[in-house]
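Enquirer: Have a look at this one.
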Number of protein chains: 2
Amino acid sequence: MRNRVLLVFIFLGFAFAKAQLQQSTESDSLMLRSIYDYNLTQSKSYDWLDHLSNQIGGRLSGSVQAQQAVDFTLDELKKVADTAWLQPVQVPKWTRGTPEYAYFQLADDTKVKVNICALGGSIATPETGLKAKVIEVQGLAELKELGESKIKGNIVFYNRPMEPTNIQTFEAYGGCVDQRYSGAAEAAKYGAVAVIVRSMNLRMDDLPHTGAMSYGDLSITDYIPAAAISTNDADKLHSALNKDSSLEFFFEQNCKNWGEVTSYNVIAQIKGSTYPDEVIVVGGHLDSWDLGDGSHDDGAGVVQSMQVLESFKSMNYKPKRTIRVVLFMNEENGLRGARAYARDMKDKDNHIVALESDAGGFSPRGFSFDASDAQMVQVNNWRQLFKPYLIHYLEKGGSGADVGPLKGNNTVLIGLRPDSQRYFDHHHAANDTFDAVNKRELELGAATMTSLLYLYDKYGVLVQKLD
Amino acid sequence: MRNRVLLVFIFLGFAFAKAQLQQSTESDSLMLRSIYDYNLTQSKSYDWLDHLSNQIGGRLSGSVQAQQAVDFTLDELKKVADTAWLQPVQVPKWTRGTPEYAYFQLADDTKVKVNICALGGSIATPETGLKAKVIEVQGLAELKELGESKIKGNIVFYNRPMEPTNIQTFEAYGGCVDQRYSGAAEAAKYGAVAVIVRSMNLRMDDLPHTGAMSYGDLSITDYIPAAAISTNDADKLHSALNKDSSLEFFFEQNCKNWGEVTSYNVIAQIKGSTYPDEVIVVGGHLDSWDLGDGSHDDGAGVVQSMQVLESFKSMNYKPKRTIRVVLFMNEENGLRGARAYARDMKDKDNHIVALESDAGGFSPRGFSFDASDAQMVQVNNWRQLFKPYLIHYLEKGGSGADVGPLKGNNTVLIGLRPDSQRYFDHHHAANDTFDAVNKRELELGAATMTSLLYLYDKYGVLVQKLD
């Protein structure tokens, strides 16, 4: 039965799509070839990323570097866009302060130094640090079982690793990140004095990985410090706890929340020649964490999005629809840029497509679509066009955090899907740096995005909802 | 017409295959899941590679390290195989000697130092080095046009880069490597005193990339030295020549050919329980170049091949057919191991499949098959099984240098195809090192190989030749 319904969908979808797809032939194939050729030989994306990463560096919301990134990308986009502007947005400002310091202390008073970093949004420890016994758990659910009697006065150590057998590493991340995001808020309810969270990293190494956390609805007086510990040190601590469950953990961090400051989304567009009111958005996020230089997360997505516009301009392709780059501010710790954009523009403009690149600058494999079945028929019709470029993954699924708020109005939401096996080695850590991005892989990603948006520009999007 | 014939092939092939494919269902899907799970959690491959790369290092044919690799892999294979043995093979021994030194000298006597390395098999320069003017060419064909009058007494500088727009980087390599392999032999015929070859590298950097070269049928007295120059320095030299075509290039290298020595292929197998006479070979090459530690080329292929056997053994899977690991010696500069294996074994045993991993330890994308159309029908029937693992590339094409000599007898020849965009950044250069291999990507490659060979073991191979 289910198959039969699906078949009907497919045929219906095909009928709807047919008029719009009739030209998808030789000329599209040649255009994609030109787009890839251009991107692999004349792209500006790698030089732009070099500037963002090596001249500016980590771009935490509210930082000087974030503002430098706003200024730089606006200037560059002005060179290729019809119009470019800033959209003000209030963002939280949080600073890490001096480097964190931590150790655990064995019964014989040996201190074993470990690598930690404050989670983004966490409060500081007392100035002289914080020392307590450690309760290791595999997740939030264990807190209730343990209860206040076991937790109160202790540090909760969340140590559930990312699932290594999951081929889709973002799913493995999704299966763990509640520990980081909500770990402190939940543990505080049982009287924990701090939390230490195993880094969201599939690799064993010494680098702690930061990331957003939230105190939820806790009263500010109940906030407790939260830090990530490297995977190697998480294992080390786990082993030590197995031998001596009463060991003590010490750490100090002097991070600080400063309240809100004004920042900006950077927006630029080429106006459509035939259907200017149909808007195709492509974007990434300008802000990054502070430990590395944010090359993969999300410098790559920023420069790839800019490159879409630059490619169209330099190749002298005049889009029929409006192609708009949106470089979102504050994806990492607030999503304020995405929310502000959707608040002001979602119902003002007709967004037919919104494509996000925020999964690293690795070799592209395809796209994930938040779209109707009929819209997927259209996409599947383009599958053969992408085959020469080894783009094979065109599947229904999530899109991205920054385009998510545009959901509705039949907008096709899309996320670029690069190879993700190395991504979490670098994610939010000190080794998310320029040298970890390969020029060709970055350029292939931009070419793949440009190609897909060329097709959407040419054929538009199905508005019939069949599902 | 062509399509019609193809269609007939497909239907015929399908009929032939049907009997053998009827079981390819749920149990295969579960087995593949088990294979990937095992490899992503309990694989020995990364630790083996650590030993090959960091305890042994570069394994040039005839070197102490190559022998250490023979000993190590034989010992490890004995632990998982029914039988393991060495096949003696005569290999050329060549040594690099002391590090090479080179510069070009401008009209004002400024010396610009450049990074070069001797090509494998090259002779040395005179002890005091070699200095001459430079003739830049884009390939072998230009030599004839220039003729002896322009070339005699000069250094020929081959500067045709790898084609950046080719998505298949191995094809881009194939389009250039004649300069490296035959450049000296051809230039010597016109009286060149040496050749300098642009490194086979898609990236701009300072690392020279070595690789095999041949003097062809030249008389030994006509041999001239050959070296590779880094891509950055090739561009630098090109620019300088544009300004001053009479500049001089100096280099010295004291590499040496020592004649032949005895080395070994390492062979190990689990005997088939039902069809022991049907042999499935899986292999990589034990030797490597000397500048790095040969982690991608081909340490990865060696440990992945060993891992196939280890996985079957540890998962308690009893193959119906004989699964044989062959670690070939001397792929890089002679292919003596592969030739010796084929000479002794090709017609002695019934090789139904020979799979090679020699394209790096990167994220696997699929396989390239040297197989009949009917055999490809069988492969295409397995396509859905691989989809959860993002394995999409199952295409006709080349296989690999070491399994190539087994062509014939209806043997299906196969090459693992990992993502290749970064491969030539490391290929034959000092940065082909352990840190450039990602553990998960290596393991996914081994799991993918094990999965394919499980299917061939279970279903066998079509012997009907339809094409």
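Enquirer: Taking amide H atoms as placed 1.01 Å from N in the peptide plane, list the residues 5 or more away in sequence, or in a different chain, whose amide H sits under 5 Å from that of A:Tyr393.
Expert: A:Gly366, A:Phe367
Enquirer: Helix A:177-189 sits at what angle to the longest principal axis of chain A, using alpha carbons and giving 0 to 90 degrees rounded to 10?
Expert: That helix lies at roughly 40 degrees to the long axis.
Enquirer: Stretch A:Lys150-A:Ser219 to full length: gain in nm at 0.36 nm per residue minus the Cα-Cα span?
Expert: 22.6 nm
Enquirer: Let's test the formula: R0 of 41 Å, r as the Cβ-Cβ distance of B:Thr128 and B:Gln68. What FRET efficiency results, to the nearest 0.05?
Expert: According to the calculation, E is roughly 0.70.
Enquirer: Need one word for the range A:100-257: rounded, prolate or oblate. Basis is the Cα gyration tensor (sqrt eigenvalues a ≥ b ≥ c); a/c below 1.5 gives rounded, then a/b vs b/c decides.
Expert: Since a/c stays below 1.5, the shape of the range A:100-257 is classed as rounded.
Enquirer: If each of B:Glu395 and B:Thr83 carries a label point 7 Å out from its Cα toward its Cβ, how far apart are those two points in nm?
Expert: Computed distance between label sites B:Glu395 and B:Thr83 equals 4.0 nm.
Enquirer: Let me ask something else about it. Between 0 and 90 degrees, rounded to the nearest ten: what's the tilt of helix A:439-459 against the longest Cα principal axis of chain A?
Expert: In chain A, helix A:439-459 runs at an angle near 50 degrees to the longest axis.
Enquirer: In nm, to one decimal, how far is the A:Asp108 label point from the B:Arg343 one, both placed 7 Å along Cα→Cβ?
Expert: Each label point lies 7 Å from its Cα, and together they span 6.1 nm.
Enquirer: Straight-line reach from B:Lys256: which lysines have Cα under 28 Å away, leaving out those fewer than 8 places along the same chain?
Expert: Output for B:Lys256: B:Lys93, B:Lys111, B:Lys113, B:Lys131, B:Lys133, B:Lys152, B:Lys189.
Enquirer: Would you calculate the separation in nanometres between label points at B:Lys256 and A:Glu26, each defined as 7 Å from the Cα along the Cα-to-beta-carbon direction?
Expert: 6.3 nm
Enquirer: Here's something else I'd like to know. How much of the DSSP beta bridge set in the range A:100-257 is antiparallel, as a percent to the nearest 5? Provide the component values of the computation, followed by the final result.
Expert: On the way: 15 of 28 bridges.
DSSP beta bridges in the range A:100-257 are roughly 55 percent antiparallel.
Enquirer: Does the range B:297-420 come out rounded, prolate or oblate by the C-alpha gyration tensor, with a ≥ b ≥ c the root eigenvalues, rounded set by a/c under 1.5 and, if not, prolate when a/b is larger than b/c and oblate if not? Numbers along the way, then the final one.
Expert: Details: a/c = 1.30, a/b = 1.24, b/c = 1.05.
Since a/c stays below 1.5, the shape of the range B:297-420 is classed as rounded.
Enquirer: What aspartates and glutamates does B:Lys78 reach when the alpha-carbon gap must be under 15 Å and sequence neighbours fewer than 8 apart in one chain are set aside?
Expert: Qualifying aspartates and glutamates at Cα under 15 Å: B:Glu310.
Enquirer: Also, I was wondering about something else. What gaps in nm, shortest first, separate A:Val261 from its twins in the other copies when you place the label 7 Å past Cα toward the beta carbon?
Expert: In nanometres, ordered from closest: 6.3.
Enquirer: If neighbour count is taken as other Cβ atoms inside 10 Å, put A:Tyr173, B:Tyr103 in order from fewest to most.
Expert: B:Tyr103, A:Tyr173
Enquirer: Considering only DSSP beta bridges where both residues belong to the protein assembly as shown, give the percentage that are antiparallel (nearest 5).
Expert: DSSP beta bridges in the protein assembly as shown are roughly 50 percent antiparallel.
Enquirer: Which residue, B:Gly334, B:Gly129, B:Gly408, has the largest displacement toward the positive end of the dipole of chain B when charges sit on each Cβ (Lys, Arg +1; Asp, Glu -1)?
Expert: My answer, from the dipole projection, is B:Gly408.
Enquirer: Additional query: From the label point of B:Thr83, set 7 Å from Cα along Cα→Cβ, how far away are the matching label points in the other copies, in nm, ordered shortest to longest?
Expert: 8.0
Enquirer: Additional query: Quick check: net charge around B:Asp233, other residues with Cβ under 15 Å of its Cβ, Lys/Arg +1 and Asp/Glu -1? Mind dumping the intermediate values first?
Expert: Numbers: positive: B:Lys111, B:Lys113, B:Arg198, B:Arg203, B:Lys236; negative: B:Glu100, B:Glu136, B:Asp205, B:Asp206, B:Asp235.
With Lys, Arg at +1 and Asp, Glu at -1, the neighbours total 0.
Enquirer: Classify the protein assembly as shown as rounded, prolate or oblate, taking a ≥ b ≥ c as the square roots of the eigenvalues of its Cα gyration tensor: rounded when a/c is under 1.5, otherwise prolate if a/b is larger than b/c and oblate if not.
Expert: It is rounded, given that a/c, with a ≥ b ≥ c, falls under 1.5.
Enquirer: Please order B:Phe362, A:Phe367 by the number of other Cβ within 10 Å, starting at the fewest. Display every interim value, and only then the final one.
Expert: Values: B:Phe362 28, A:Phe367 24.
Listing B:Phe362, A:Phe367 from fewest to most nearby Cβ atoms yields A:Phe367, B:Phe362.
Enquirer: Looking at the axis that maps chain A onto chain B, which chain A residue has the closest Cβ, and how far off is it in Å, rounded to a whole number?
Expert: Reported as residue, whole Å: A:His392, 2.
Enquirer: For the pairs A:Lys396/A:Lys439; A:Lys318/B:Lys387; B:Lys320/B:Lys407; B:Lys44/B:Lys346; A:Lys458/B:Lys439, note any where the Cα-Cα span goes beyond 32 Å. The partial results should precede the final answer.
Expert: Numbers: A:Lys396/A:Lys439 28 Å; A:Lys318/B:Lys387 37 Å; B:Lys320/B:Lys407 23 Å; B:Lys44/B:Lys346 30 Å; A:Lys458/B:Lys439 42 Å.
Flagged as over cut-off: A:Lys318/B:Lys387; A:Lys458/B:Lys439.
Enquirer: Another question, if that's okay. State the antiparallel share, in %, of DSSP beta bridges confined to chain A, rounding to the nearest 5. Walk me through the numbers on the way to the answer.
Expert: On the way: 38 of 73 bridges.
So the antiparallel bridges amount to about 50 percent of the total.
Enquirer: Between copies, how close do the B:Tyr275 label points come, placed 7 Å along Cα→Cβ, listed in nm from shortest?
Expert: Sorted ascending, the copy-to-copy spacings read 5.5 nm.
The numbers here are math on the coordinates, done by the rules we state, and not lab data. A quick note: this is a predicted structure, and the numbers were derived from the prediction, not measured. Note that each Cβ is placed from the backbone with ideal geometry, even for glycine, and that neighbours are counted across all protein chains shown.
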